[in-house]
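Structure first, then comments.
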Amino acid sequence: MKKAVLWILMAGLLVSAFGVASAQESPIRVGSKQFTEQIVLGQIIVAALEDAGLDVVDRTNLGGTQVNRDALVNGEIDIYAEYTGTALYNYFNDVPWYDIPHEAYGHRVLGYSLVSSLDAAINDLVWLAPTPANNTYAFAVTSAFAEENDVYSVIDMADYVNDGGFVYLATGDEFAQRPDGIASFEETYGFDLTDDQLLIISNATPAQTEQALNEGANDVNFAMAYATDGALMAYNFVVLEDPFGAQPIYAPTPVIRGEVIRANPEIAGILNPIFRALDNVTLQTLNAEVEVEGLNPADAVRAWLQESGFIGN
Amino acid sequence: MIAFLGGCFASFGFFFLPVIEVKPNRLASGLPVGLLEIPGDMRYLLLFLLALTPVLLAFMGDRNRRGWALAAVGNLIVILTLYLPALAGSAYLVGAEALFEAGTRISNPRILSSAAIAFGLAGGGVVLFAGLLDLEGCGVPRLVRGLAGAVGALVVVAMLAGGTLDVYSIMVEYHSRGEALALRFLEHIVFVLVALAAGLIVGIALGLWASRDAKAEDAILYTVGIIQTIPSLALFGILLVPLARLGDLHFLSLARDWLLLAAIALAAALALRRLHTRLPERARQFSLVAVFILALIPLSLLAVLIIAFGFEVALTVLTTSELALLRSVTGLALILFLILISTGKRLDLERKLPQYRRWRFLPLFAAALGALLLLAQGAGRLLGNSELAELTIRDFGVSGIGTAPAIIALTLYSLLPLVRNTYAGLKNIDPAIIDSGKGMGFTAAQSFFRIELPLAFPVIMAGVRNAAISLVGIAAVASIIGAGALGDFILLGVNSTSIDQILLGTVPAVLLAVIMDAGLKVLESLLTSPGIRQA
């Protein structure tokens, strides 16, 4: 009996190993970080490439920034949408032969051309056309608070803080500590928040800080937010304007491995017009549809792509 | 007494806490509504009074009657706790616009089940449990008790399937993005089982080693303890890059290198075996360690490959629709075998029907044959489309993101309870029993398989159950490296503060942990040697 089992096993393995022998083109693996806007962007890429008849593997909802970047550089995924600002700040600090000039952070074209050329030279990654959107960090307050204290921009906020108004700001640790985070606002608009005025939530996404503001937990009255966040609509919040551009530009842009775009050059032609059409309002609307109304991301994205004529029905 | 507590619990919840929250959209927090605030209907008051009845019933004298009454009330509380608020919720949703202040964005409003529902379900469950305890005391057969206990759950399942409870936000969430839930649930199960199987092999070996070798004892127990303290986030991150490099390798070249490494290790081991009596003490220890490290590399490579490939094959086998027939035949054969074994033990058929003994293992052979065919099919499906020279390790499921790092990490995390319990189980055997085995002429292997393993088995199984439940929890974190499983819902839900989405992943995970524990308990009672089974 043992022998018979062994024979069956051998036969099965042989059949399977030499059953069909034809190499096929590897599918395109699409990644994304683990929050709503990234899922939306990832699903846009998936839907557009699938509609063009390409073989796509949906690896969206992958993890944090570092996991996606490592996966892309190491060839575990082929494409995902990254923000120009994130790349400028994080990915080229250990490049010994080039220092990123300070003015690149707030400059849309300069920032994009720098990250795209550096990534092409170092990692053989290609940055496709960027969106006109800017998903940068911002401060959010409730509309009641904005009306009462007449705070609609960071200039107003600086006045409010300097007049000794009560501030308790819910923020993630990254935004609180990075030089381009709160510190950059403070420098540009001339105010200073002490540590007692910050509620620092480790690893918090804007969704969590916004919820803290909405619930009024711990008397929070300001919250870190993303400018394109869909939840802002749900909570009836006001996003404070940043007229002096204290924040770098975070334009979502699909980044693809060089190998893959050379094998499928048509991808650029498919994705570029779509991402050029994704401005702040469009992105915020899509985010809100998913996050606030609870639509399935794939359905929401497909509906928008069809409406805009990017994909067929 | 228990029923008294359950009744108090449920009625406390209904009186003081909100039953439902009416949410204007998916994110914004809702308007809490208490059970007694729901206007214009006596049914909600009745539910409150129903929750109070166990408090009175607890003082009833006749135990049999009390048991039946409590079981009925418990089931009714469970059913109505879900059903009535759902009705009220639908009524609230019709006029949702009027409930909220102007300017609130109302889109896709829904009903969040609130604290009182949890209290009601828990209280109802406790009352039911008390009733079943009473019935057990009166000698009501087990089957009848089981049926009485399952009525509430069955009705709830029927209501879920029938769409009666669709108004709850978790069901809204399920309908909008739950299409992957079944697959993610399956992934979660296979994750835990594959990691558990791999951990079991390594863990028992290490536990055996630790119990036999006093020198290695501390080192092994400390090492598995330290592994347990590494945060899972860090472990997943560390594994990404080396596994990605490994995945890039071509299968053939890795196979060649592996054979080379294995041959070197084997040769070194053989040479050491020849030489070690002649070497001085220090050199002998040093060379032992060197050979061990040499052997560790090919062994761990092989383990990683087998585990990762095993997961991919298992998932392919379970999800491929063409294999449904083979799958069900194999499963039926396995179940048949288990039934035959358990009835055989109970009825002692072997004595009455001598020929039964011979056929008893036939279903097991059928199941094994089916499993082998399934494995071959799964492997064929995964590798069938590529040429041998083109195959990379990634085709075998080893890559920096996805299942491979997740399974490796889970296997490592399962080691602590498995090694500890194996060690404790083996260490606590009375040496006199082993000695008596020796006296009967048992070889070392016979002594292990016939004396030590059966005696240590209950302790080892306790470790397995422990490991299984903790793995169900840790497997949720694997989503951060793209491994899927239920963490996809939980982590995305946490990141977007959507309670509904978190619950959509959490409720199945909790159910899985409970079911897995119960299943392993049954397995334990089936496999425990009859000689040491507790009466």
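Looking at region B:2-175, the accessible area is 46 square angstrom per residue; that uses a 1.4 Å probe and ignores ligands, DNA and RNA. Amide H contacts of residue A:57: A:28, A:29, A:30, each under 5 Å away and 5 or more positions distant or on a separate chain (H built 1.01 Å from N in the peptide plane; Pro and chain starts excluded). In the neighborhood of residue A:207, defined by Cβ-to-Cβ distances under 9 Å, what is the net charge if each Lys or Arg adds +1 and each Asp or Glu adds -1? With Lys, Arg at +1 and Asp, Glu at -1, the net is -3.
Output the relative contact order of chain A, whole-number percent, from Cα pairs under 8 angstrom with separation of 6+ residues. Walk me through the intermediate numbers first.
Details: 510 pairs, mean separation 80.3, N = 313.
It rounds to 26 percent for chain A.
For peptide B:252-265, the mean count of partner chain Cβ atoms within 10 Å of a residue's Cβ comes to 0.
Tell me which DSSP H helices of chain B clear both cut-offs, 27 Å or more of axial length from alpha-carbon atoms and a mean Kyte-Doolittle hydropathy of at least -1.0. Span-like helices in chain B: B:63-94, B:115-137, B:142-162, B:181-212, B:251-275, B:281-319, B:324-347, B:362-383, B:403-427, B:453-474, B:499-527.
With N residues in region B:427-489, what two-decimal value do you get for its Cα radius of gyration over 2.2 N^0.38 Å?
Compared with the compact-globule rule of thumb, region B:427-489 sits at 1.84.
Taking the mean number of other Cβ atoms within 10 Å as a proxy for protection, how do you rank B:77-83, A:79-85, A:234-240 from highest to lowest?
Working: B:77-83: 22.9, A:79-85: 26.9, A:234-240: 20.9.
With the highest mean Cβ count within 10 Å placed first, the list reads A:79-85, B:77-83, A:234-240.
Can you tally the net charge around residue B:207? Count Lys and Arg as +1, Asp and Glu as -1, for every other residue whose Cβ sits under 13 Å from the Cβ of residue B:207. For residues surrounding residue B:207, the net value is 0.
Determine the shape class of region B:33-187: with a ≥ b ≥ c the square roots of the Cα gyration tensor eigenvalues, call it rounded for a/c under 1.5, and otherwise prolate if a/b is greater than b/c, oblate otherwise. Here region B:33-187 falls in the oblate category.
With the simple model of a label 7 Å out from the Cα in the direction of the Cβ, residue B:271 to residue B:522 spans 5.5 nm. Between residue A:276 and residue A:143, the simple spin-label model (points 7 angstrom out along Cα→Cβ) gives 3.5 nm.
List the pair-distance distribution P(r) of region B:172-316, using every Cα-Cα distance, as the percent of pairs falling in each 5 Å bin from 0 up to the bin containing the longest distance, rounded to whole percents. Taking every Cα pair in region B:172-316, the percentages come to 2, 7, 10, 14, 18, 17, 13, 8, 5, 3, 2, 1, 1, 0, 0.
For region A:195-239, the convex hull drawn through the C-alpha positions has a volume of 76 cubic angstrom per residue. Accessible area buried by the pairing of A and B, both sides summed with a 1.4 Å probe, works out to roughly 3900 Å². In region B:165-190, the residues that give up 10 Å² or more of accessible area when the other protein chains are added, compared with the chain on its own (1.4 Å probe), are B:176, B:177, B:179. Taking a ≥ b ≥ c as the square roots of the eigenvalues of the Cα gyration tensor, an a/c ratio of 1.5 or more together with a/b larger than b/c marks region B:439-535 as prolate. Taking every alpha-carbon pair under 8 Å whose residues sit at least 6 apart, region B:1-117 reaches a relative contact order of 44 percent.
If N is the number of residues in region B:376-467, what value comes out of its Cα radius of gyration divided by 2.2 N^0.38 Å?
Relative to the rule-of-thumb radius for its length, region B:376-467 sits at 1.69.
Extent of chain A along its three principal axes (Cα atoms, max minus min coordinate, largest first): 85, 48, 45 Å.
Principal semi-axes of the equivalent ellipsoid, √(5λ) from the alpha carbon gyration tensor of region B:144-184, are 26, 13, 6 Å from largest down. Computed over Cα pairs, the Kirkwood radius of region B:114-207 leads via Stokes-Einstein (0.692 mPa s, 37 °C) to a diffusion coefficient of 190 µm² per second.
What shape does region A:137-239 have by the C-alpha gyration tensor, where a ≥ b ≥ c are the square roots of the eigenvalues, rounded means a/c under 1.5, and otherwise prolate means a/b greater than b/c and oblate the rest? Verdict is rounded for region A:137-239.
Placing R0 at 51 angstrom, the Cβ-Cβ distance between residue B:42 and residue B:201 gives a FRET efficiency of 0.25 after rounding to 0.05.
A crude spin-label estimate for the pair residue A:313 and residue B:387, with each label 7 Å from Cα along the Cβ direction, gives 4.5 nm. May I ask you to list the residues of region A:189-233 whose amide nitrogen lies under 15 Å from a point 7 Å from Cα along the Cα→beta-carbon direction of residue B:108? It comes to A:230-233, nothing else.
Residue A:188 sits among other residues whose Cβ lies under 12 Å from its own Cβ, and their net charge, with Lys and Arg +1 and Asp and Glu -1, is -4. Here the average projected area of the convex hull drawn through the C-alpha atoms of region A:16-120 stands at 9.3 nm².
In chain B the Cα-Cα distances spread across 10 Å bins starting at 0 as 3, 13, 20, 23, 20, 12, 6, 2, 0, 0 percent of all pairs.
Over region B:2-175, what percent of the accessible surface lies on carbon and sulfur atoms, probe 1.4 Å? Within region B:2-175, the accessible surface is 70 percent carbon and sulfur. Tell me, rounded to the nearest percent, the portion of alpha carbon pairs in region B:458-500 spaced more than 16 Å apart. Value for region B:458-500: 48 percent of Cα pairs lie more than 16 Å apart. For the pair region B:81-126 and region A:236-273, the centres of their Cα atoms are 40 angstrom apart. List the relative contact order of region B:371-513 as a percent without decimals, with contacts defined as Cα pairs under 8 Å and 6+ residues apart. Dividing the mean separation by the residue count of region B:371-513 yields 21 percent.
The slack between residue B:183 and residue B:154, meaning 0.36 nm per residue of separation minus the straight C-alpha distance, is 8.1 nm. Anything over 30 Å Cα to Cα? Flag those among B:23/B:521; B:438/B:521; B:215/B:438, in the order listed. With Cα atoms farther than 30 Å apart: B:23/B:521; B:438/B:521. Amide hydrogen proximity for residue B:20: with H placed 1.01 Å from N in the peptide plane, the residues at 5 or more positions away or on another chain lying under 5 Å are B:33, B:114. Diagonalising the gyration tensor over the Cα atoms of region B:55-95 and scaling each eigenvalue by 5 before taking the square root yields semi-axes of 33, 9, 4 Å, largest first.
With viscosity 0.890 mPa s and temperature 25 °C, the Kirkwood radius over alpha carbon pairs of the protein assembly as shown converts through Stokes-Einstein to a diffusion coefficient of 79 µm²/s. Surface exposure of region B:221-338, expressed per residue as accessible area with a 1.4 Å probe, stands at 63 Å². Heavy-atom accessible surface of chain A, averaged per residue, reaches 43 Å², computed with a 1.4 Å probe.
The contact residues of region A:40-69, meaning those that lose at least 20 Å² of 1.4 Å-probe accessible area when all protein chains sit together rather than their chain alone, are A:59, A:61, A:62, A:67. For region A:41-84, the fraction of 1.4 Å probe accessible surface lying on carbon and sulfur atoms is 38 percent.
When peptides A:26-32, B:304-310, B:395-401 are ranked by their average number of other Cβ atoms within 10 Å per residue, the highest-first order is B:395-401, A:26-32, B:304-310.
Taking amide H as placed 1.01 Å from N in the peptide plane, residue A:82 has its amide H under 5 Å from the amide H of A:253, A:255, each at least 5 places away in sequence or on another chain.
The values are calculated or read from the model by the stated rules, or taken from the named source; none is laboratory data. Keep in mind that this is a model prediction, so the values were computed, not measured. Using ideal geometry, Cβ is built from the backbone for each residue, glycine included, and neighbour counts are taken over all protein chains shown. The area values use the complete protein model at the heavy-atom level, side chains included, leaving out ligands, DNA and RNA. Shrake-Rupley method; radii C 1.70, N 1.55, O 1.52, S 1.80 Å.
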